Amino acid sequence: MDPLQLLDPGGNLHDDPEWTLDVTPELCRDLYRRMRIARSLDSAALALQRQGELGLWLQSLGQEAAQVGSITALRDTDHVFPSYREHAAALCRGITPAELLVQWRGNRHSGWDPQQYRFHIYTLVLAAQLPHATGYAMGVQRDGADEIVAVYFGDGAASEGEANEAFNWAAAAEVPLLFFCQNNHWAISTPVRTQMRAPLVQRARGFGLDAYRVDGNDVLAVHAVTRAVADRIRSGGGPALIEAVTYRMAGHSTSDDPDRYRTASDLDAWSLRDPIARLEALLARQGWLDGDQRAAVDAECAELAEQTRTVCRELPLGELSELFGTVLSEETPLLAEERRQFLELARSYED
Ligand SMILES: Cc1ncc(C[n+]2csc(CCOP(=O)(O)OP(=O)(O)O)c2C)c(N)n1
Ligand SMILES: [Mg+2]
C-alpha cells in the first residue's frame with residue numbers, strides 16, 4: 001500500500017484528485033519555517049544533553065513534516081494528546097523552549113498547562129495517551145463541543161493492548177478522534193517489520209476506523225490528508241487513523257546507540273527523503289523563497305537555539321515536595337503519606 005505523496009523527494013509536486021491542497025507560497029514558507037525552527041530546537045537540545053545540562057532528550061529529527069503538517073491542519077482549539085517526541089508539534093502550539101525542556105532537565109514533571117495550549121503533557125507510558133484521548137473525546141462528544149481530539153503515537157505503541165482497546169472503543173462509540181501514528185520504523189531497537197504483519201491502516205479498518213497512509217516526510221501530503229480527515233471527523237464522520245510513514249533519523253533517545261542495530265545504508269536512503277530538503281527544493285524551483293526570506297529564517301533559528309541554551313541553564317529547580325502536588329488533582333491519604341515519608345527522608349540527608 002503506497003503512502004500518499006504530493007511532493008516527491010526531488011521537490012516535484014504531483015496532483016492527486018482525492019487530496020487537493022491549495023499550494024501557495026505562503027503556506028510552503030510557513031511550513032518550511034516551522035520545520036526549520038523545530039530542527040533548530042532539536043539540535044540545540046541534543047547539544048545541551050551532551051553537555052550534561054539535560055538528563056535525556058528524544059530527538060524529533062526527520063519527523064518534522066509528520067508533526068508540523070498535521071498539527072497545522074487542526075484548529076488551535078482541538079485538544080491534542082502527544083507522546084514524548086512531538087517537539088515540532090508543541091512549538092507550533094506556542095509552547096516555549098523553557099516549557100519544553102524543564103521536564104528533560106528533571107526539574108518538574110512537565111512544563112506547560114495543557115488547557116492553555118490545548119496540548120496535553122507528554123506521556124512516557126507507552127500508548128497510555130490513546131485511551132486518555134478516547135475518554136476525552138467521549139467528553140467532547142457528550143458536551144457537543146465544537147472541537148475534535150487528536151492523539152499522536154508511534155509504531156511501537158501500536159502493539160500495546162491499550163492502543164488496540166482505544167481503536168475499538170473509539171470506533172464503537174463514534175467519537176471525534178484522530179489517531180495519528182508516526183511510523184518511524186523503530187521502537188527503540190525493534191524494527192517495525194517484526195511488530196506487525198498487516199499494515200496499521202488495514203488493522204485500523206478492521207476496527208471500523210477510517211484509515212489513511214501518507215508519506216510522513218511530505219509535509220504537503222500530511223497537511224492535505226490531516227485537514228480533510230479532520231474536517232470529516234468534525235462534521236460527524238466518526239474517528240479516523242492516519243499512518244505517517246517516516247523515519248527516526250537519530251537514536252531513540254540520547255541514551256541509545258542506534259549504530260548497534262541499524263545500517264548506514266538505511267540511514268543514507270532516508271537522508272535522501274529529508275522533509276525539509278524536499279520543501280526547500282520546491283521553494284527554490286518556484287522562486288518562493290528569496291535570499292532575504294531565507295536569511296530571516298536562518299536568523300530566527302539561530303536566535304531560538306541561543307534562547308534555548310540560555311533558558312535551559314536558568315530553569316528554576318523547584319521544590320521536590322511540589323512534585324507530589326502535580327500527581328492528582330486532590331491529594332489522597334496515601335499520597336500525603338508518601339509526601340511525608342519523602343520529606344522525612346530528604347531531611348535525613350540535610351547535614
Ligand atoms: C508501557 C511501556 N512499555 C515500555 C516502555 C519503554 N519504551 C519507551 S519508548 C519505547 C519504544 C516506542 O516506540 P514507538 O512507539 O515506535 O515510538 P518512537 O519512540 O519510535 O517515537 C519503549 C518500548 C514504556 N515507556 N512504556
Ligand atoms: Mg517508532
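The values are calculated or read from the model by the stated rules, or taken from the named source; none is laboratory data. Since the structure is predicted, the reported quantities are computational estimates derived from the model, not experimental observations. Heads up, the Cβs are rebuilt from the backbone with ideal geometry, glycines too, and the neighbour counts pull from every protein chain shown.
Quick test for you: out of Ser60, Ser43, pick the one residue that is assigned by TED's automatic domain parsing to the domain that holds Val311 and under 15 Å from the mean Cα position of the chain (by Cα).
The conditions single out Ser60.
Tell me the residue from Leu27, Leu48 that is more than 16 Å from ligand 2 (Cβ to nearest atom) and either outside the structural domain of Ala211 (by TED's automatic domain parsing) or more than 24 Å from Asn184 (Cβ to Cβ) (or both), please.
Answer to the selection: Leu27.
Mind checking which pairs have a first residue in the stretch 119-135 that is under 15 Å from Arg108 (Cβ atoms) and a second that is within 14 Å of ligand 2 (Cβ to nearest atom) and basic (Lys, Arg), Cβ under 9 Å, 6 or more apart or different chains?
Tyr122/Arg85
Can you tell me which of Ala244, Ala284 is assigned to a strand (DSSP E or B), out of contact with any Leu (no Cβ under 8 Å at 6 or more places or on another chain) and not polar (S, T, N, Q)?
Numbers: Ala284 fails: assigned to a strand (DSSP E or B).
Among Ala244, Ala284, only Ala244 is assigned to a strand (DSSP E or B), out of contact with any Leu (no Cβ under 8 Å at 6 or more places or on another chain) and not polar (S, T, N, Q).
Quick one: would you say Asp155 is touching a His at 6+ places or on another chain (Cβ under 9 Å) and not aliphatic (A, V, I, L, M)?
Here the answer is yes, as Asp155 does meet what is asked.
Test of understanding: among Ala295, Ala302, Ala250, which residue is in contact (Cβ under 8 Å) with a residue 12 or more places away in the chain and in a helix (DSSP H, G or I)?
Ala302
Please find, within the stretch 158-206, the residue that is surrounded by the most Cβ atoms within 10 Å (Cβ to Cβ) out of those that are of a type in the set (Ser, Thr, Tyr) and in contact (Cβ under 8 Å) with a residue 24 or more places away in the chain.
Per the criteria, the residue is Ser159.
Are any of the residues in the stretch 181-188 within 15 Å of ligand 2 (Cβ to nearest atom), aromatic (Phe, Trp, Tyr) and within 18 Å of His252 (Cβ to Cβ)? Give the steps one after another, and end with the answer.
The first filter runs over the stretch 181-188 and keeps only residues within 15 Å of ligand 2 (Cβ to nearest atom), leaving 181-188.
The next check asks that each one be aromatic (Phe, Trp, Tyr); those that pass are 186.
Narrowing the set further to residues that are within 18 Å of His252 (Cβ to Cβ) leaves 186.
Scanning the stretch 181-188, I find at least one residue that is within 15 Å of ligand 2 (Cβ to nearest atom), aromatic (Phe, Trp, Tyr) and within 18 Å of His252 (Cβ to Cβ), so the answer is yes.
Out of the residues in the stretch 156-179 that are within 13 Å of ligand 2 (Cβ to nearest atom) and not charged (D, E, K, R), which is nearest to Gly238 (Cα to Cα)?
Taking the candidates together, the pick is Ala163.
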